[in-house]
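The values are calculated or read from the model by the stated rules, or taken from the named source; none is laboratory data. Remember, predicted model here, so these are calculated numbers, not experimental data. For neighbour counting, all protein chains shown are included, and Cβ atoms are generated from backbone atoms with ideal geometry for every residue, glycine included.
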Amino acid sequence: MTDDVLLKAQQYLNEGQEPCDVADQLGIKRDTFSKAIRTGRLHNIKKRILSTKSERSEQDNAAPMGMGTRNVDARLAASIGQ
C-alpha cells in the first residue's frame with residue numbers, strides 16, 4: 001500500500017468505519033488490510049465500550065482511595081449519607 005492509500009485508510013478508520021468496509025472502498029484485499037493493522041501500519045481506532053480486565057486493574061490500582069474507588073466524589077457523598 002502506498003503512503004497515500006495508508007493515509008486515506010487511516011482517515012476512514014479514525015471516522016469509525018469498519019476495517020472490512022474501508023478495504024472494500026479502497027479496493028484492497030481484506031487480508032492485506034488486516035495485516036497492515038496487525039503490523040502497525042494502520043491503527044483501528046474504535047471506541048471501546050468495555051475495558052479489559054488488565055485496564056480495570058490498572059485504574060483500580062491508581063485510584064486515590066484504593067481498589068474499586070475511582071469515583072471519589074460519590075464515595076465521599078455516600079460516606080456522609082448523600
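Condition (residue is part of a helix (DSSP H, G or I) and modelled with pLDDT under 80) applied to region 35-56: is it met by at least one residue?
yes
I need every pair where a residue in region 1-19 that is part of a loop (DSSP other than H, G, I, E, B) and at pLDDT below 90 has its Cβ under 9 Å from the Cβ of a residue that is exposed (fewer than 15 other Cβ atoms within 10 Å of the Cβ) and of a type in the set (A, V, I, L, M, F, W, C), sequence separation at least 6 or different chains.
Close Cβ pairs satisfying both conditions: M1/L26; G16/I45.
Restricting to region 68-77, what's the tally of residues that are modelled with pLDDT of 80 or more and closer than 26 Å to K53 by Cα?
The total comes to 0.
Scan region 1-38 residue by residue and report those that are in contact with a Cys (Cβ under 8 Å, 6 or more places away or on another chain) and not hydrophobic (A, V, I, L, M, F, W, C).
Across region 1-38, the qualifying residue is only R30.
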